[in-house]
Amino acid sequence: MIQSVTVYCSSSNLAQEPFFNEAEALGRGLAERKIGLVYGGGHVGLMGRTADAVLKAGGKVRGIIPRFLEEREVAHYGLTELHVVETMHERKMLLTDWADAFVVLPGGFGTIDEFMEILTWKHLGHHKKPIILLNADGFWGDLLRMFERIATDRLVSPDYVDYFQVCNSAEEVLALIDHENR
Ligand code: AMP
């Protein structure tokens, strides 16, 4: 049962508006399903927008932020729970431990790092949790092509495609979650 979803996404306020709309739709949809959001605890970028959408729709949000980022990422003090930790590693551990599934929205280096970590951990058999890539506006296309190249060059087995699912919209992500919860 998926009761708690960890969302990884951009901390940039300059992201394009359609990405913000997807973040909002995802947040609202999670709250409507009484699925809790777990995320990096910031008020910036797609992170903040997702959290606000969940809260506005009456849902629960747990944020985990390292003390040194409390200011830079404008820690969100209106969350159901805000956990301030000492290191990025602690943050990443709780973000993965508290998830029943992961959703990855468009993002920068931080988001890519988090995606690679949960992907490689699944590859190594450390977890079996669903990973859903929200490929809004084809954002992740080049990375997906890179993965194909890696498989073509036999650096990873072609069954890597089973480790994650790709959706084009928040609506598709929510339908997938509903399917998993049936
Ligand atoms: P970004 O996608 O770069 O906007 O970052 C999204 C989130 O990932 C932010 O909360 C960053 O603090 C976080 N982040 C940045 N670098 C890392 C990293 N190396 N490991 C884990 N999270 C990171």
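The values are calculated or read from the model by the stated rules, or taken from the named source; none is laboratory data. Nothing here was measured: the structure is a model prediction, and the numbers come from that model. Ideal geometry is used to build each Cβ from the backbone, glycine not excepted, and the neighbour counts take in all protein chains shown. Just the protein is used for accessible areas: all its heavy atoms, side chains included, with ligands, DNA and RNA removed. Shrake-Rupley method; radii C 1.70, N 1.55, O 1.52, S 1.80 Å.
Centre-to-centre, using Cα atoms only, segment 1-73 and segment 91-144 are separated by 15 Å.
For the chain, what is the calculated [θ] at 222 nm in deg cm²/dmol (nearest 500), taking -39500 (n - 2.57) for each run of four or more DSSP H residues and dividing by its residue count? Counting only the DSSP helices, I get -13500 deg cm²/dmol. For Lys60, the solvent-accessible surface with a 1.4 Å probe is about 140 Å², rounded to the nearest 10. Note on segment 4-175: dipole from Cβ charges, positive end direction compared against Phe115, Leu95, Leu69; the farthest Cα belongs to Leu95.
Taking Cα centre as origin and charging only the Cβ of basic (Lys, Arg, +1) and acidic (Asp, Glu, -1) residues, the dipole magnitude of the chain rounds to 320 debye. With a cut-off of 14 Å between beta carbons, the residues surrounding Phe19 carry a summed charge of -3, where Lys and Arg count +1 and Asp and Glu -1.
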